[in-house]
Every structure is written in structure tokens, then in C-alpha cells.
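Heads up: the structure comes next, in C-alpha cells.
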Amino acid sequence: MKHRTLILTLIAMLLCGSVAAGIKKSNLSVLYVGGSPDMDTFTTKVDSTVLTESIKQRMASFEKFLKQYFKKVTVIHAEDYTPELSDDYDITVMDGKPRILQPEIRETDATGKITKYARAGYLPQNFDRPMVLIAELGSVLGERIGVKFDWYCLCLDADAHHIRTEHPIFQGPFPVEMTFVMKPTPEAGKELPYFKGGKTPDSLAMWRVDIDGYQNKPGTRVGMVSRPGGFEDSPEAEFISGGVSQKSLDAVAISRHGNFFHWGFAASPDGMTEEAKNVFANAIVYISQFAGQTPIARKYEPTIFTRDEIKMFSYLATCQAYNAAIAVEKAYGEQMKKLQATAKAKQAEGKELEMLEEIALAYQEAPIKSYETYLQERFPDQYILFGTDEKGYADYFAHNEPYFLPDPRHFGFIIDEDARSLGIPNNDIRLLDKAISLWEAGGEYAAKGRRLLERYTLCRFETPAEWRAWFKTNKERLFFTESGGWLFLVNTRDKSVPGNDYRVRLQTEKEVTPVASAPKADARLATDDKNPVRAIASTESLPNGNRLVTFRVKIHSGYHIYAAVADSDPYVVTTVEFRLPEGIKAVGDLQRPSAKTYNNAGTMIYEDTIEFRQEVSGTGSVTCILNFQCCNDQICMPPTTIEVTTD
């Protein structure tokens, strides 16, 4: 009997060990901070009871997993987390949104236009403990403190590609086996790489990270990719892997910035492949060595223009890009007309219409724009110079690329005439040397030298001698970062060394003077890259005694919001709600504007100016609420809400 018991015990031990076969536990201590569910809560509404249970199960999954790899593991909910708790552990795995430390900053002018915005802060600026940030937590927690894990798109699926397999997280300490399968290149990836150089392959070698993704299992939690532009332009940042998403093939799925590690995939260990589990555990071990190594280059402006975009602009000015855009427009138009015909037939038969069919009823075919009009809309400044001369645009972008700067008015560029006059690219360290020399020589060019020094550094010395001493001391460790603000920074974390303090730039920003006069309706609909969606609401009397509420929404040129979203896409559909006070009732259905087909999957979008209309009875103000996600060809912003009240 004793022998039988011993045998059963040994079998049980073997079975338990098979989950993490060959794993020798690490002595590192891990704090896991939970609070996220396994399901998609951005595009779908989830019952609170189901949500709570999902969070509980996900936390249990991580606890079980981590204890297989690490000897000391503590699991807490995000609402119980404070940054000080991370001091007691080697690594913190952040999988939930903790309490806010700094409130969101949202300053507006008299028209309601946002003049200054900063996301709520969850970590202090000087947080230096190793941390793994899962999925969108990279952006949610990292944006306020300038970490490069910005929200390019919450659209990462289950496969990784363009993997740097030589990276330490694929080498150990836990054994790694990687199975690569050739799969078709994602449709979104086929478009963007063209103007980033090279031919787009028809298929890619892919490694499965999550068992299920939102494309094969709708409702599954969606991962997040960050922008590739300028990601590795500072020595403390590294791209490790891309992944299947709705963005370019170089979108960042797995990466490091300073003491932070971004694991963009969203599944809990129960949803990870066996191969991915060991890699994730290795990532935890890897980031542990970066304690105290905070980011040097800080990306405080997630949508900052980088030089990577120049090839895109150059491509968009070509006849090829124009013809491709028109072909898409025509194909979309044909699809909409077919859907409209179906909707009209169903309506005539008295059948209930689906939302897409209701949208199709309002569709009106727009005239095909000419190449000339296309260029005028996309490149108004350059069109004055080159008209429809395709080569003129190509030469313009190629010759001026070394001198481009972000345009403070919108996502685009301007030319630094100071740098161009010297013939030195603005990311070339020789520019600083020359600028100091101009100031040292005095005369009419001294002011130019000082402008350049203050434009491209965070130093504010008062004499050229001080600049020369700083430059001589730090020349060998200076680097240029575009994502970090188009600046030369010093590769050091020594606070006694001038050159890396971003507060210098913040303190010299000009304050926006509010408009004193009463805003006009069109002013309230003025959009830009910081305010891509604006809205106003008004009412008018109807002959039957009721009122028509019109909710007018203006979408910035080049941007769109989603009228309908296919199950295979991770975007957030636009919804309109009316908060009606007592005595006011909705009469009939909401009248929706015409939409445009976005892709073959069935997703549809709104562009330009649109209007939602709702008939109501009764008197009093009506509050209109727009829930939406705004994107353009390069960025997708987190879902947000606009709320306005009728006059």
C-alpha cells in the first residue's frame, strides 16, 4: 500500500511539473498587478458580473503561471497598488489601471478647442523600477511620463512577425522553442511599406503568441502596437518584435524603453501558446536588469511627426497613389449602391433594416475628384509651387528631408531655414558646433546660432563659452531623437549634467491667449490634429409642433470615425445618445448621415462634416453625446466622448 501511495505521489509530481517542464524557478521577486479582463471591453459592452469574473480568472491565471517560474510572487488588484510597492520587488507586471496620481490636463480656449492636453498620470516621472506593461497599459501608464509605448492602434492580433530572434528574451534563462509558419501578409501591411522602402512580401514568417485573437474569436481582448517612427532613435529603446495589426508591418508589438517593457499582446497565460509562455517569463527576467535605468528621451507628444513619414508624403503625391485612392473610392461606391438597393427593397417590403442598411439609405455618390484637386487638398502649400508636377514633389521631399521639422499647427512638417542656410542636416552634430561658432564670432549671425542651439537642445546657457564647454564635454555621448522632441540629448542619467531636463522646454512654451469674444458656430467646429473631432448641437421648430435636434460633427481632414465595424476589426463604432430631461421624448428613429465603406470586411466610416438628427417633443435643452474612436492613415486614438447641449 505504501509503495502504491509513493508511486501515485511521484506520478502527480511529474504531471504537475509537465506544465513547466525543464523550468528551474528564478529567485527574482515579482509583483503582479491585475484588474484587466480577458475580453474586449473597448468595442463591446460587458455585463458587470461577467466582467468581474473575467478579471478574477485572469488574475488567477497569472498567479499560477508566475509561481511556476518565480519563487516569490505577490498578486494584488490595481486599485490597491501604489508606486512605492514596486520598491519591494525586482519586477512589477502591470495588467490593471491603478489609482490616478496626477489628474488629466485639458485646457481649452473660448471656442472649446483643446490648447493643452495631457493624459492622467499613474506613475511618478522618476519611477525607476523594472516594469512589464501589458497591451494598452503601455500607453495608459506610459504616456504621461514620456515612455515610447504610445497608442498607435489597439488592433494587435495573435501572431508576431519581424522578430529579432537573437534578442535575449528568446535565448533564456527559460528554454525557448519557436515554430514559424508562413502566413499571408496582413492587408493593412501591404499598403504602408511601399513608401517606407522595399517591396511588400506576399507572406511572412509568423510566430503564434496567443492561442486566439480577435480576428478568429470576436470578443477576445485586443493587443496594442506602438508607433515605429523614431522608436529606436535613443540608446535606451529597442524594438524586439512586430505583430499582425491594422497598421504598418513595422508597428511595435514587443519592445523596451528604459526600465519599461512593452508586451503588446493581450492574452493571459491561459490564452498564450506554450512557446510564448517561456518567452514572456524571459521578458520578466530581462527587464529586471534595468532597475534605475529610466528613459532618457521622453516622448511627451505621442503623435509627433518623425522623418519616417517623409517617404509616405512623397508617395502620396504620386499619380500611383492618386489612382489607387480613386480605385478604392469607386469600389466603395459600388458596394454602397448595392447595399442601398438591398435596403430600399427591404424597406418597400416593410422589413426591418440592419444598421448598415440604414446608413446605406443616406448614401450619395460623390463626384470623382481630379488629380489636381487631390493634390490641392493634401498638399496645399506645395501645390502652389509644383501644381501637378509629380517630379517636383519628389525632388522637394528628397532635397529638404535633412531640414524638416514638425509643423506645430498639424501633423506635418516645415523647413528649418536656419539649418538649410548652413547646409547641415538638423540631426547632424556638426550643426551644434557650427551654431556655437556663429555665436562666438558675433555679428549678424550670432542670433541664428543661438536660435539653433535652443531649438535643438534643452540647454539654456547665456554665453557661447558655456555652450562650447558643454559641447566639448558631452560631444561623444550626444544623440539626436525625433520621437523625443527633435533634440540632441546626452546619453546619461546624471542629473548634474545639463541637457536632458524637459522642464526647460515646458517652461518656455508660450501661453495660449483665450478668445474674449463670444464664439461663433463655425469657430466651435474648427478642427486640428489635437482636436480632430468637434461637435455642436442645435434645434429647430417643426410644423407639427415638435423640434428637430441636429447634432453636427466636424471631422478633421484626413481623419475618420467609424459608422459600423466588422467583427474582424477592432475599432470602436460611433454611437449617439440623447440625454432627455423630464418632459421631452424622442419621436421616431435617429436619422444617420451617409457613410463610406472602409474595407472589404464591412467596416464603414464617417468623414468631413456629418449630421445626426432626432425629432423630439417637449421643451427644454437636450444633451447630445457622441462616443467614438478617431483615426487617420497613421494613428488611431483611444476611444473618447464629446458631450454638448443644445442652446
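The values are calculated or read from the model by the stated rules, or taken from the named source; none is laboratory data. Being a predicted model, the structure only gives us computed values, none of them experimental. Here Cβ is always computed from backbone atoms with ideal geometry, including for glycine, and neighbour counts include all displayed protein chains.
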Out of all the residues in segment 403-432, which are free of Cβ contacts under 8 Å to residues at least 40 places away in the same chain and either in a helix (DSSP H, G or I) or buried (at least 20 other Cβ atoms within 10 Å of the Cβ) (or both)? 403, 416, 417, 418, 419, 420, 421, 422, 424, 430, 431
I'd like to verify a number: residues in segment 90-112 that are crowded, with 20+ Cβ neighbours inside 10 Å and either basic (Lys, Arg) or closer than 19 Å to residue 283 by Cα (or both), how many? 7
Filter segment 375-390 down to the residues that are surrounded by 17 or more Cβ atoms within 10 Å (Cβ to Cβ) and of a type in the set (A, V, I, L, M, F, W, C), then identify the one that is nearest to the chain's Cα centre (by Cα). 379
Selected residue (criterion: surrounded by the fewest Cβ atoms within 10 Å (Cβ to Cβ)) from residues of segment 154-192 that are part of a helix (DSSP H, G or I) and acidic (Asp, Glu): 187
Among what's in segment 123-151 and is in contact with a helix residue (DSSP H, G or I) (Cβ under 9 Å, 6 or more places away or on another chain) and under 22 Å from residue 636 (Cα atoms), pick the residue that is surrounded by the fewest Cβ atoms within 10 Å (Cβ to Cβ). 151
Scan segment 581-621 for residues that are over 18 Å from residue 647 (Cα atoms), of a type in the set (Phe, Trp, Tyr) and either at pLDDT 85 or above or over 23 Å from the mean Cα position of the chain (by Cα) (or both) and jot them down. 606
Between residues in segment 213-232 that are at positive phi and in contact (Cβ under 8 Å) with a residue 40 or more places away in the chain and residues that are of a type outside the set (Ser, Thr, Tyr) and in a strand (DSSP E or B), which pairs lie under 8 Å by C-beta distance while being six or more apart or on different chains? 219/39
Of the numbered conditions (1) modelled with pLDDT under 95; (2) surrounded by fewer than 20 Cβ atoms within 10 Å (Cβ to Cβ); (3) in a helix (DSSP H, G or I), residue 393 satisfies every one except a single condition; which is it? (2)
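Quick one: how many residues across segment 291-320 are closer than 24 Å to residue 366 by Cβ, in contact (Cβ under 8 Å) with a residue 12 or more places away in the chain and either touching a strand residue (DSSP E or B) at 6+ places or on another chain (Cβ under 9 Å) or of a type outside the set (Val, Ile, Thr) (or both)? Lay out the reasoning, then the answer.
Taking segment 291-320 first, the residues closer than 24 Å to residue 366 by Cβ are 315-320.
In the following step, the residues that additionally are in contact (Cβ under 8 Å) with a residue 12 or more places away in the chain were identified as 315-319.
Filter once more, keeping what is either touching a strand residue (DSSP E or B) at 6+ places or on another chain (Cβ under 9 Å) or of a type outside the set (Val, Ile, Thr) (or both): 315-317, 319.
So the count comes out to 4.
Would you check if there is a residue in segment 627-635 being touching a residue at least 12 places away in the same chain (Cβ under 8 Å), more than 22 Å from the chain's Cα centre (by Cα) and surrounded by 18 or more Cβ atoms within 10 Å (Cβ to Cβ)?
Step one: filter segment 627-635 for residues touching a residue at least 12 places away in the same chain (Cβ under 8 Å), giving 627-635.
So of that shortlist, the ones also more than 22 Å from the chain's Cα centre (by Cα) come out as none.
Checking segment 627-635: not a single residue is touching a residue at least 12 places away in the same chain (Cβ under 8 Å), more than 22 Å from the chain's Cα centre (by Cα) and surrounded by 18 or more Cβ atoms within 10 Å (Cβ to Cβ).
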Single residue of segment 459-495 satisfying the filter (of a type in the set (Gly, Ala, Ser) and not in a loop (DSSP other than H, G, I, E, B)) that is nearest to residue 297 (Cα to Cα): 469
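Go through segment 622-647 and give me each residue that's in a loop (DSSP other than H, G, I, E, B) and either modelled with pLDDT under 85 or within 26 Å of residue 363 (Cβ to Cβ) (or both).
The answer is 629, 630, 632, 633, 634, 635, 637, 638, 639, 646, 647.
So is residue 588 part of a strand (DSSP E or B), out of contact with any Cys (no Cβ under 7 Å at 6 or more places or on another chain) and either under 22 Å from residue 186 (Cβ atoms) or in contact (Cβ under 8 Å) with a residue 24 or more places away in the chain (or both) or not? Before the answer, list the steps.
Numbers: part of a strand (DSSP E or B): yes; out of contact with any Cys (no Cβ under 7 Å at 6 or more places or on another chain): yes; either under 22 Å from residue 186 (Cβ atoms) or in contact (Cβ under 8 Å) with a residue 24 or more places away in the chain (or both): yes.
It is true that residue 588 is part of a strand (DSSP E or B), out of contact with any Cys (no Cβ under 7 Å at 6 or more places or on another chain) and either under 22 Å from residue 186 (Cβ atoms) or in contact (Cβ under 8 Å) with a residue 24 or more places away in the chain (or both).
Pick from 579, 547: which is crowded, with 16+ Cβ neighbours inside 10 Å and in contact with a strand residue (DSSP E or B) (Cβ under 8 Å, 6 or more places away or on another chain)? Before the answer, list the steps.
Numbers: 579 fails: crowded, with 16+ Cβ neighbours inside 10 Å.
Going through 579, 547 in turn, the sole match is 547.
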Assuming residue 594 fulfils every condition listed in (1) in contact with a helix residue (DSSP H, G or I) (Cβ under 8 Å, 6 or more places away or on another chain); (2) in a strand (DSSP E or B) apart from one, which condition is it? (2)
Among the residues listed as 478, 487, 431, 438, the single one being aliphatic (A, V, I, L, M), farther than 30 Å from residue 293 by Cβ, touching a helix residue (DSSP H, G or I) at 6+ places or on another chain (Cβ under 8 Å) and modelled with pLDDT of 95 or more: 438
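Could you list, in sequence order, the residues of segment 321-338 that are over 30 Å from residue 413 (Cα atoms) and either under 30 Å from the mean Cα position of the chain (by Cα) or in contact (Cβ under 8 Å) with a residue 24 or more places away in the chain (or both)? Reasoning before the result, please.
From segment 321-338, those over 30 Å from residue 413 (Cα atoms) are 330-338; that's our starting set.
If the condition is that a residue be over 30 Å from residue 413 (Cα atoms) and either under 30 Å from the mean Cα position of the chain (by Cα) or in contact (Cβ under 8 Å) with a residue 24 or more places away in the chain (or both), then 330, 331, 332, 333, 335, 336, 337 are the ones that fit.
Could you please find all residues in segment 628-647 being of a type outside the set (D, E, K, R) and closer than 17 Å to residue 569 by Cβ?
Keep residues of segment 628-647 that are of a type outside the set (D, E, K, R), which gives 628-632, 634-642, 644-646.
Scanning segment 628-647 gives 628, 629, 630, 631, 632, 635, 636, 637, 638, 639.
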